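Engineer: Below is a structure I'd like to ask you about.
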Amino acid sequence: MTHLNLAFRDFVDALETAHDKAGFKNAADRLAARLGYRWFAYLGFSEPALKVLSSYPSSWAQQYVERRYEAIDPIVATARSSQRSFQWDRRTLRLASAPQQRFFAEAAKFGIHCGATVPIRGGYGRFAAFTVAGNRDASLEHRSTEVMDTLQLAGLYYHAHVYAKLQLGLTRLADAPLTQRERQCLSWAARGKKMPETAKVLGITTRTVVFHLENARSKLGASTVAQAVAEATHRGLILS
(Lines give C-alpha, C1' and ligand atoms only; values in the text may rest on other atoms or scores of the structure.)
Protein backbone atom coordinates (compact mmCIF):
# COMPACT_ATOMS: atom_id res chain seq x y z
CA MET A 1 0.00 0.00 0.00
CA THR A 2 1.42 3.39 -1.01
CA HIS A 3 1.94 6.28 1.39
CA LEU A 4 -1.00 8.15 -0.16
CA ASN A 5 -3.33 5.17 -0.01
CA LEU A 6 -2.44 4.59 3.63
CA ALA A 7 -2.94 8.27 4.47
CA PHE A 8 -6.34 8.30 2.79
CA ARG A 9 -7.44 5.06 4.44
CA ASP A 10 -6.49 6.38 7.88
CA PHE A 11 -8.32 9.63 7.09
CA VAL A 12 -11.53 7.79 6.17
CA ASP A 13 -11.27 5.63 9.29
CA ALA A 14 -10.89 8.79 11.40
CA LEU A 15 -13.97 10.34 9.80
CA GLU A 16 -16.02 7.25 10.56
CA THR A 17 -15.28 7.59 14.28
CA ALA A 18 -15.30 11.40 14.52
CA HIS A 19 -18.36 12.78 16.30
CA ASP A 20 -17.44 16.36 17.22
CA LYS A 21 -15.45 19.32 15.89
CA ALA A 22 -12.28 18.19 17.65
CA GLY A 23 -12.43 14.80 15.97
CA PHE A 24 -12.95 16.30 12.53
CA LYS A 25 -10.18 18.84 13.06
CA ASN A 26 -7.72 16.15 14.11
CA ALA A 27 -8.57 13.97 11.10
CA ALA A 28 -8.06 16.78 8.59
CA ASP A 29 -4.98 18.13 10.34
CA ARG A 30 -3.26 14.73 10.16
CA LEU A 31 -4.14 14.34 6.49
CA ALA A 32 -2.79 17.80 5.65
CA ALA A 33 0.50 16.99 7.37
CA ARG A 34 0.83 13.68 5.53
CA LEU A 35 0.23 15.46 2.22
CA GLY A 36 3.01 17.92 3.04
CA TYR A 37 0.96 20.88 4.24
CA ARG A 38 0.84 22.67 7.58
CA TRP A 39 -2.84 23.61 7.95
CA PHE A 40 -6.32 22.77 6.73
CA ALA A 41 -9.55 24.76 6.52
CA TYR A 42 -13.13 23.76 5.76
CA LEU A 43 -15.58 26.55 4.92
CA GLY A 44 -19.29 25.78 4.71
CA PHE A 45 -21.35 28.49 3.07
CA SER A 46 -24.91 28.21 4.34
CA GLU A 47 -27.32 30.49 6.13
CA PRO A 48 -27.40 32.01 8.62
CA ALA A 49 -23.61 32.22 8.91
CA LEU A 50 -20.34 30.91 7.54
CA LYS A 51 -19.28 27.65 9.17
CA VAL A 52 -15.54 27.18 9.70
CA LEU A 53 -13.36 24.28 10.83
CA SER A 54 -9.62 24.87 10.57
CA SER A 55 -6.21 24.45 12.12
CA TYR A 56 -5.04 27.91 11.06
CA PRO A 57 -3.50 30.12 13.77
CA SER A 58 -6.39 31.19 16.00
CA SER A 59 -5.69 34.89 15.46
CA TRP A 60 -5.97 34.50 11.69
CA ALA A 61 -9.09 32.34 11.92
CA GLN A 62 -10.78 34.87 14.20
CA GLN A 63 -9.76 37.77 11.97
CA TYR A 64 -11.08 35.94 8.89
CA VAL A 65 -14.54 35.48 10.39
CA GLU A 66 -14.85 38.86 12.10
CA ARG A 67 -13.80 40.82 9.02
CA ARG A 68 -15.87 38.62 6.69
CA TYR A 69 -12.87 37.86 4.54
CA GLU A 70 -14.81 35.17 2.67
CA ALA A 71 -16.32 38.01 0.62
CA ILE A 72 -12.92 39.01 -0.80
CA ASP A 73 -10.94 35.78 -0.44
CA PRO A 74 -9.53 35.06 -3.95
CA ILE A 75 -9.32 31.34 -3.12
CA VAL A 76 -13.05 31.23 -2.40
CA ALA A 77 -13.75 33.21 -5.57
CA THR A 78 -11.72 30.73 -7.63
CA ALA A 79 -13.41 27.76 -5.93
CA ARG A 80 -16.86 29.11 -6.78
CA SER A 81 -15.99 29.10 -10.47
CA SER A 82 -14.08 25.79 -10.50
CA GLN A 83 -15.25 22.20 -10.80
CA ARG A 84 -12.01 20.52 -9.76
CA SER A 85 -9.41 20.95 -7.06
CA PHE A 86 -6.68 23.48 -7.78
CA GLN A 87 -3.34 24.60 -6.42
CA TRP A 88 -2.71 28.23 -5.57
CA ASP A 89 -0.17 30.80 -4.48
CA ARG A 90 0.24 34.52 -5.03
CA ARG A 91 1.47 33.93 -8.59
CA THR A 92 -1.47 31.80 -9.72
CA LEU A 93 -4.32 33.65 -8.00
CA ARG A 94 -5.90 36.58 -9.77
CA LEU A 95 -5.57 39.31 -7.16
CA ALA A 96 -7.71 41.71 -9.13
CA SER A 97 -8.50 44.21 -6.39
CA ALA A 98 -6.66 46.08 -3.68
CA PRO A 99 -8.71 44.33 -0.92
CA GLN A 100 -7.68 40.93 -2.30
CA GLN A 101 -4.04 41.96 -2.35
CA ARG A 102 -4.29 43.18 1.24
CA PHE A 103 -6.02 39.93 2.20
CA PHE A 104 -3.19 37.81 0.82
CA ALA A 105 -0.61 40.07 2.46
CA GLU A 106 -2.37 39.58 5.81
CA ALA A 107 -2.43 35.80 5.33
CA ALA A 108 1.29 35.84 4.54
CA LYS A 109 1.97 37.42 7.95
CA PHE A 110 0.75 34.15 9.48
CA GLY A 111 2.93 32.09 7.13
CA ILE A 112 0.14 31.16 4.71
CA HIS A 113 1.63 31.38 1.22
CA CYS A 114 0.29 28.51 -0.88
CA GLY A 115 -2.02 25.52 -0.87
CA ALA A 116 -4.67 23.50 -2.65
CA THR A 117 -8.45 23.74 -2.50
CA VAL A 118 -11.35 21.42 -3.32
CA PRO A 119 -14.62 23.14 -4.37
CA ILE A 120 -17.70 21.24 -3.15
CA ARG A 121 -21.26 21.76 -4.31
CA GLY A 122 -24.29 20.22 -2.66
CA GLY A 123 -28.03 20.37 -3.06
CA TYR A 124 -30.20 23.33 -2.08
CA GLY A 125 -27.50 25.81 -3.06
CA ARG A 126 -24.95 24.52 -0.57
CA PHE A 127 -21.32 25.31 -1.29
CA ALA A 128 -18.19 24.43 0.64
CA ALA A 129 -14.44 24.45 0.18
CA PHE A 130 -11.81 22.16 1.68
CA THR A 131 -8.29 23.63 1.74
CA VAL A 132 -4.83 22.54 2.80
CA ALA A 133 -2.21 25.27 3.05
CA GLY A 134 1.44 25.79 3.85
CA ASN A 135 4.33 28.19 3.90
CA ARG A 136 6.88 28.84 1.18
CA ASP A 137 8.39 25.37 1.66
CA ALA A 138 5.17 23.71 0.44
CA SER A 139 6.26 23.95 -3.19
CA LEU A 140 3.51 23.62 -5.78
CA GLU A 141 5.80 21.71 -8.10
CA HIS A 142 5.86 18.78 -5.68
CA ARG A 143 2.11 18.15 -5.83
CA SER A 144 1.55 15.26 -8.20
CA THR A 145 -1.70 14.38 -9.92
CA GLU A 146 -2.05 11.50 -7.48
CA VAL A 147 -1.83 13.88 -4.51
CA MET A 148 -4.44 16.18 -6.03
CA ASP A 149 -6.76 13.26 -6.79
CA THR A 150 -6.42 12.08 -3.19
CA LEU A 151 -7.17 15.58 -1.93
CA GLN A 152 -10.23 15.86 -4.18
CA LEU A 153 -11.70 12.65 -2.81
CA ALA A 154 -10.76 13.57 0.76
CA GLY A 155 -12.57 16.90 0.48
CA LEU A 156 -15.76 15.23 -0.73
CA TYR A 157 -15.64 12.65 2.07
CA TYR A 158 -14.99 15.36 4.65
CA HIS A 159 -17.92 17.46 3.49
CA ALA A 160 -20.33 14.52 3.54
CA HIS A 161 -19.35 13.46 7.06
CA VAL A 162 -19.28 16.98 8.50
CA TYR A 163 -22.76 17.77 7.18
CA ALA A 164 -24.13 14.46 8.38
CA LYS A 165 -22.67 14.56 11.89
CA LEU A 166 -22.25 18.23 12.79
CA GLN A 167 -25.46 19.50 11.18
CA LEU A 168 -23.81 22.62 9.78
CA GLY A 169 -26.61 23.46 7.37
CA LEU A 170 -30.14 24.73 7.82
CA THR A 171 -31.39 21.19 7.25
CA ARG A 172 -29.77 18.11 8.64
CA LEU A 173 -28.39 15.95 5.87
CA ALA A 174 -30.20 12.98 7.36
CA ASP A 175 -33.51 14.81 6.89
CA ALA A 176 -32.87 15.83 3.29
CA PRO A 177 -34.40 13.80 0.45
CA LEU A 178 -32.20 11.81 -1.89
CA THR A 179 -31.34 13.65 -5.08
CA GLN A 180 -31.98 12.08 -8.46
CA ARG A 181 -28.27 11.39 -8.94
CA GLU A 182 -27.99 9.77 -5.50
CA ARG A 183 -30.91 7.47 -6.34
CA GLN A 184 -29.31 6.62 -9.68
CA CYS A 185 -26.00 5.70 -8.07
CA LEU A 186 -27.75 3.59 -5.45
CA SER A 187 -29.85 1.88 -8.12
CA TRP A 188 -26.79 0.84 -10.10
CA ALA A 189 -25.07 -0.30 -6.91
CA ALA A 190 -28.14 -2.42 -6.16
CA ARG A 191 -27.67 -4.07 -9.56
CA GLY A 192 -24.11 -5.01 -8.70
CA LYS A 193 -22.34 -2.27 -10.62
CA LYS A 194 -18.97 -1.16 -9.27
CA MET A 195 -18.32 2.56 -8.93
CA PRO A 196 -16.25 2.91 -12.15
CA GLU A 197 -18.99 1.05 -14.04
CA THR A 198 -21.67 3.33 -12.62
CA ALA A 199 -19.58 6.35 -13.56
CA LYS A 200 -19.34 5.14 -17.16
CA VAL A 201 -23.09 4.50 -17.39
CA LEU A 202 -24.01 7.92 -15.98
CA GLY A 203 -21.28 9.83 -17.80
CA ILE A 204 -19.67 11.18 -14.63
CA THR A 205 -16.39 10.56 -12.82
CA THR A 206 -15.81 7.80 -10.28
CA ARG A 207 -15.09 10.48 -7.67
CA THR A 208 -18.52 11.98 -8.30
CA VAL A 209 -20.15 8.56 -7.86
CA VAL A 210 -18.32 8.16 -4.55
CA PHE A 211 -19.54 11.60 -3.47
CA HIS A 212 -23.19 10.82 -4.26
CA LEU A 213 -23.04 7.41 -2.59
CA GLU A 214 -21.46 8.92 0.53
CA ASN A 215 -24.18 11.57 0.70
CA ALA A 216 -26.87 8.93 0.23
CA ARG A 217 -25.31 6.70 2.87
CA SER A 218 -25.25 9.57 5.37
CA LYS A 219 -28.82 10.62 4.61
CA LEU A 220 -30.05 7.08 5.11
CA GLY A 221 -28.11 6.60 8.35
CA ALA A 222 -26.24 3.63 6.89
CA SER A 223 -22.73 2.49 7.75
CA THR A 224 -21.96 1.08 4.31
CA VAL A 225 -23.16 1.52 0.74
CA ALA A 226 -24.67 -1.97 0.88
CA GLN A 227 -26.72 -0.95 3.91
CA ALA A 228 -27.73 2.26 2.14
CA VAL A 229 -28.97 0.23 -0.84
CA ALA A 230 -30.97 -2.03 1.46
CA GLU A 231 -32.48 0.93 3.34
CA ALA A 232 -33.34 2.81 0.14
CA THR A 233 -34.99 -0.31 -1.26
CA HIS A 234 -36.93 -0.84 1.97
CA ARG A 235 -38.22 2.74 1.86
CA GLY A 236 -39.19 2.39 -1.78
CA LEU A 237 -36.71 5.06 -2.87
CA ILE A 238 -35.16 2.79 -5.49
CA LEU A 239 -36.28 -0.37 -7.26
CA SER A 240 -34.55 -3.59 -6.31
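The values are calculated or read from the model by the stated rules, or taken from the named source; none is laboratory data. What you see is a predicted model; the values in this text were computed from it and never measured. In this analysis, Cβ positions are derived from the backbone assuming ideal geometry, glycine residues included, and neighbour counts consider all displayed protein chains.
Engineer: Could you name every one of the strands (runs of 3 or more DSSP E) located completely within segment 52-148 that has at least 3 residues being β-branched (Val, Ile, Thr) and either closer than 17 Å to residue 38 by Cα or modelled with pLDDT of 90 or more (or both)?
Structural biologist: Output list reads 114-121.
Engineer: Specify which of the listed residues (79, 98, 18) is over 16 Å from residue 153 (Cβ atoms), surrounded by fewer than 16 Cβ atoms within 10 Å (Cβ to Cβ) and either hydrophobic (A, V, I, L, M, F, W, C) or assigned by TED's automatic domain parsing to the domain that holds residue 147 (or both).
Structural biologist: Result of the check over 79, 98, 18: 98.
Engineer: Looking only at segment 31-49, which residues are surrounded by fewer than 21 Cβ atoms within 10 Å (Cβ to Cβ) and either closer than 15 Å to residue 133 by Cβ or small (Gly, Ala, Ser) (or both)?
Structural biologist: 33, 34, 36, 38, 46, 49
Engineer: Would you be able to say whether some residue in segment 34-48 is part of a helix (DSSP H, G or I) and in contact (Cβ under 8 Å) with a residue 40 or more places away in the chain?
Structural biologist: Within segment 34-48, none of the residues are part of a helix (DSSP H, G or I) and in contact (Cβ under 8 Å) with a residue 40 or more places away in the chain.
Engineer: Identify the residue in segment 161-186 that is modelled with pLDDT of 85 or more and among the β-branched types (Val, Ile, Thr) and, among all such residues, is surrounded by the most Cβ atoms within 10 Å (Cβ to Cβ).
Structural biologist: This residue is 162.
Engineer: OK, next. Tally the residues that are more than 23 Å from residue 87 (Cα to Cα) and in contact with a Ser or Thr (Cβ under 6 Å, 6 or more places away or on another chain), restricting the search to segment 143-167.
Structural biologist: The qualifying residues number 1.
Engineer: Assuming residue 72 fulfils every condition listed in (1) touching a Phe, Trp or Tyr at 6+ places or on another chain (Cβ under 7 Å); (2) under 22 Å from residue 151 (Cβ atoms); (3) crowded, with 16+ Cβ neighbours inside 10 Å apart from one, which condition is it?
Structural biologist: Failing condition for residue 72: (2).
Engineer: Among the residues of segment 189-222, write down those that are in contact (Cβ under 8 Å) with a residue 40 or more places away in the chain and exposed (fewer than 14 other Cβ atoms within 10 Å of the Cβ).
Structural biologist: Answer for segment 189-222, where residues must be in contact (Cβ under 8 Å) with a residue 40 or more places away in the chain and exposed (fewer than 14 other Cβ atoms within 10 Å of the Cβ): just 221.
Engineer: Let me ask another. Would you check which residues across segment 187-240 are under 20 Å from residue 17 (Cα atoms) and of a type in the set (D, E, K, R) and list them?
Structural biologist: Listed by number, the residues that qualify are 214, 217, 219.
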